[in-house]
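S.K.: So that we are looking at the same thing, I have put the structure below in structure tokens.
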Amino acid sequence: MNPGPILLALLLTVAALTWWLAYREPADAPGGQPNGQQDRAAEVIARGTWLTTMGPGGLPARTLRATEAKFFDHELGTELQQPHFTIYRGDDDPPWEIRAQRGWISGDGEVIRLEGEVVVERPEGEGKTAMRLLTERLNLRPDENFAATRMPVTLLSDNGRVDAVGKQAWLGEPSRFKLLSRARGHYVPNPL
């Protein structure tokens, strides 16, 4: 029997589970990696990571995909390359899709920091307009379906475009956004 596939499956499972266990950090902590992470070797490196978390009814609650995940330890957490999160919201509601160039998961898994061309999208659905949010940094609390940033954001929908600095978003049902301050105070109707 070839132990290679079993070992690979075990390593992928360990790496995928670590993203739930990462380093705790405030919702809008400054960017960059935790001190020392740049100089330390990862304990586990997994490529093509895919993890789905099930909800109470046995249906998918959220999915994490990344081209590469590097688990350092429970203090430094897990570093992600090209993370892609899907937050499912029920049978009739379209899911939220969140993509970034890179990310980091705290050791306890409670905070996920995304950086570099962060895009949050929800396609049009029954009674829901398509929405897209663009920013450079976003902090997620996956168990709460909550996202926040203090960076400039652009919110696009069928209703128009709003530029702001900072936002809070509750991505569950019902979804809602709170823009912290409008940049240049302008609203442009129907950009999509």
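Rule-based calculations on the coordinates, nothing more; no lab input. Since this is a predicted model, take the numbers as computed values, not measurements. Quick reminder, even Gly has a Cβ in these numbers, built from the backbone with ideal geometry, and neighbours come from all protein chains shown.
S.K.: Exposure proxy check: M151, M131 ranked by fewest other beta carbons within 10 Å? Don't skip to the end; give the middle numbers.
M.R.: Working: M151 16, M131 21.
Result, fewest neighbours first: M151, M131.
S.K.: Measuring from the lowest to the highest alpha carbon on each principal axis, how far does segment 37-192 reach, largest first, in angstroms?
M.R.: Sorted from largest, the Cα extents of segment 37-192 read 49, 39, 22 Å.
S.K.: Let me ask something else. Tell me whether segment 113-175 comes out rounded, prolate or oblate; compute the Cα gyration tensor, take square roots of the eigenvalues as a ≥ b ≥ c, and use a/c under 1.5 as the rounded threshold. Present the calculation step by step, with values, prior to reporting the outcome.
M.R.: On the way: a/c = 1.98, a/b = 1.21, b/c = 1.64.
Note, shape of segment 113-175 comes out oblate.
S.K.: When the chain is fully extended, how far beyond the present Cα-Cα distance does K128 get from K178, taking 0.36 nm per residue of separation? Mind dumping the intermediate values first?
M.R.: On the way: separation 50, 0.36 × 50 = 18.00 nm, distance 1.77 nm.
Stretched out fully, the K128 to K178 stretch lengthens by 16.2 nm.
S.K.: On to the next question. Provide the gained length on full extension for the span V119 to L59, in nm with one decimal, where the gain is 0.36 nm per separating residue minus the Cα-Cα distance. Each step should come with its number before you reach the end.
M.R.: Working: separation 60, 0.36 × 60 = 21.60 nm, distance 2.47 nm.
So the extension gain works out to 19.1 nm.
S.K.: Gain in length, E43 to D158, computed as 0.36 nm per residue apart minus the alpha-carbon separation, to one decimal in nm? All intermediate terms of the calculation are to be shown ahead of the outcome.
M.R.: Numbers: separation 115, 0.36 × 115 = 41.40 nm, distance 4.54 nm.
Extending this stretch completely gives an extra 36.9 nm.
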